[in-house]
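The values are calculated or read from the model by the stated rules, or taken from the named source; none is laboratory data. Treat the numbers as computed from the prediction; the structure is a model and nothing was measured. Cβ placement follows ideal geometry from the backbone for every residue including glycine, while neighbour counts extend to all protein chains displayed.
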């Protein structure tokens, strides 16, 4: 959206533009791609949307590992549709980032080079088929808690992408929970698998909400811009309050001895989160980090000749890209 | 939390109050209302065997295509391949369920407990020698060019059969075919579009596409020779004689390859059916090992 | 946190989004990706085509099929238009592109396909 030099706003204009932007945010209206926006707003959004897109694409892998071995044809179809959805979600999000001047191939390069990150949750391996169910129930459940408020993001393309994604995530969470319910009605080994998976994924899913509020320096600005709607701790509490009764219906134990209902506040209290582990995993030391990135790199590099071939064909046949 | 009672309500707000969480469930069961009795004069064992041939081809090819997920060129192609695999998986489920419904379960029921539906007993608890798929679908993917050539050939062959099968005296097969024709047309066209671009793209893509065609063409040898089961069912007006589809298939493939500036490999000499009779190379056993491993570890489980 | 800011925003959870994370694309010359297409779907007869998002494709024909694969996974839409983003002439700001109308195909894609007991809260 760069304007020719002659049209570049003067200082006075810039103040007027800033005022218009502020008024749009204050009225809870959406900012659209061609609107003027502060550079910090744009950059923060690109970072946020890009890491979200990367998370969707990398998030295909932990469950994708079970696609070939899914234990029934129905489960295979469900899982394939889900993993395909995640590719679609990544694409919606890259599109939203591109409305801000980013470029998908470039964002992918930054992911592969480790300069942009994805959610640490996907650095944990999926050890049994119960993990597929638990990812749907807990990980997608946490994602929904994070994402639903983003349907009201002040940035229009992001908000619209999130609306569609949230609708589809609802299918993801339900298929996960239904798989777990079925497994809990199955053999003793199946029930043990479910409990084991819950034990491994519960704490990482709590970490998905990010560090405690007093340790999140940029949150205030993001709140003011309307691109963050609730604090990390608020969303985490909401998630725990939703998940505990669901665990009871399922018949599994959440691995937290400190978990208890506080009748006074109407919320569940929970134990302390191990933020050291979080930092380790987020800085690339998660069990599966190298493998996840290597597969993305291979998909890009091994197939580069395909992308080039289609471009060459388009050029030859006069359907070339601008 | 302010004005939002639950996180989901925010979605309703965001969607202008329409907030349809749940999409309509207006999913048409393609077999709903279809008469499932075996037509007069047809041996149910033959019918079931034929359903396995068509169902196994779809299942094995779906599994091969699924190997591309998280490894495909560009996200757009990832989504497209998943769509094709999902269609084929859907066809496999209907056909295996039909085989089971007429009592053709092979030795699968010796291993699968009662709680496992027929389609899964057949998919997960038959050994390779009981599979009726052809070598064409079992072959490893190779690179993207070879994958595309195989998809082009497999969907062209299957489309020719399904188009005729819509007239089958078995109403179930006719219904499955009617649904499948649209899907297979899309698969064939997707593969053809890609092959044009690979064949007439860069030097490298042309070379790879040609190598893919040369490798896949060899697998055409036993696709058009009917088994005894297919012969009997064709006479009964239930099945399609693959020999009758050969010229059409050949003409489609030659057209696509020529437009893709590829050399059409020599048509291989016809050989008697192998895969259709349960004779397979090691690649099918390997594929089934992955597909069936988990289900077989838990034969009493429900998923 | 120490050197970097971490945010939970962006769906799947906490990742670094501090200022050290680069956002600016490389110069156009080094880009190798396909052009961007904007996609429009007619959800059902009687409705306008509606902008649903964008994708990358090597040419128009591939774009319209990729749009079918991506945006009609649940059978939404009876007609699709695609146009290269670069070919769109836009008025000044104040854009309104109502995106992502809902829509329905493979039954397991729909949340209501999954039988969840009524006593499970928040599901």
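Test residue B:126 against the stated conditions and say whether it is more than 18 Å from the chain's Cα centre (by Cα), on the phi < 0 side of the Ramachandran plot and more than 10 Å from chain A (Cβ to nearest Cβ). No: the conditions fail for residue B:126.
For the range B:106-161, which positions are without any contact (Cβ under 8 Å) to a residue 24 or more places away in the chain, under 22 Å from residue A:74 (Cβ atoms) and either touching a helix residue (DSSP H, G or I) at 6+ places or on another chain (Cβ under 6 Å) or in a helix (DSSP H, G or I) (or both)? Can you show your working first?
Step one: filter the range B:106-161 for residues without any contact (Cβ under 8 Å) to a residue 24 or more places away in the chain, giving B:107-110, B:114, B:117-118, B:121, B:126.
Of the ones still in play, those that are also under 22 Å from residue A:74 (Cβ atoms) are B:108-109, B:114, B:117-118, B:121, B:126.
B:108, B:109, B:118, B:121, B:126 - these are the residues of the range B:106-161 that are without any contact (Cβ under 8 Å) to a residue 24 or more places away in the chain, under 22 Å from residue A:74 (Cβ atoms) and either touching a helix residue (DSSP H, G or I) at 6+ places or on another chain (Cβ under 6 Å) or in a helix (DSSP H, G or I) (or both).
Taken together, B:213, B:243, B:236 contain a single residue that is away from chain A (no Cβ under 14 Å), free of Cβ contacts under 8 Å to residues at least 24 places away in the same chain and over 30 Å from residue A:129 (Cβ atoms), which is B:243.
Between A:304, A:290, A:310, the distinction of being within 30 Å of residue B:143 (Cα to Cα) and more than 8 Å from every other protein chain (Cβ to nearest Cβ) belongs to A:290 only.
Only residues that are more than 7 Å from chain A (Cβ to nearest Cβ), part of a helix (DSSP H, G or I) and closer than 18 Å to residue A:85 by Cβ were counted in the range B:50-79, giving 4. Being more than 14 Å from chain C (Cβ to nearest Cβ) and crowded, with 24+ Cβ neighbours inside 10 Å is the filter; apply it to the range A:164-197 and report the residue that is nearest to the chain's Cα centre (by Cα). For the range A:164-197, the residue satisfying everything is A:197.
Among the residues examined, residue A:115 qualifies as within 11 Å of chain C (Cβ to nearest Cβ), outside any helix (DSSP H, G or I) and at negative phi.
Among the listed residues C:98, C:93, identify the single one that is touching a strand residue (DSSP E or B) at 6+ places or on another chain (Cβ under 9 Å), at pLDDT below 70, in a loop (DSSP other than H, G, I, E, B) and surrounded by fewer than 16 Cβ atoms within 10 Å (Cβ to Cβ). Please lay out each step first, then the result.
Values: C:93 fails: touching a strand residue (DSSP E or B) at 6+ places or on another chain (Cβ under 9 Å).
Of C:98, C:93, the one residue that is touching a strand residue (DSSP E or B) at 6+ places or on another chain (Cβ under 9 Å), at pLDDT below 70, in a loop (DSSP other than H, G, I, E, B) and surrounded by fewer than 16 Cβ atoms within 10 Å (Cβ to Cβ) is C:98.
Could you please let me know if residue C:113 is at pLDDT below 85, at the interface with chain A (Cβ under 10 Å from one of its Cβ atoms), in contact with a helix residue (DSSP H, G or I) (Cβ under 6 Å, 6 or more places away or on another chain) and surrounded by 20 or more Cβ atoms within 10 Å (Cβ to Cβ)? When the stated conditions are applied, residue C:113 does not pass them. Considering the range A:1-106, the qualifying helices (runs of 4 or more DSSP H), each wholly inside and each with 3 or more residues that are touching a helix residue (DSSP H, G or I) at 6+ places or on another chain (Cβ under 8 Å) and either facing chain C (nearest Cβ under 9 Å) or modelled with pLDDT of 95 or more (or both), run over A:39-58, A:73-98.
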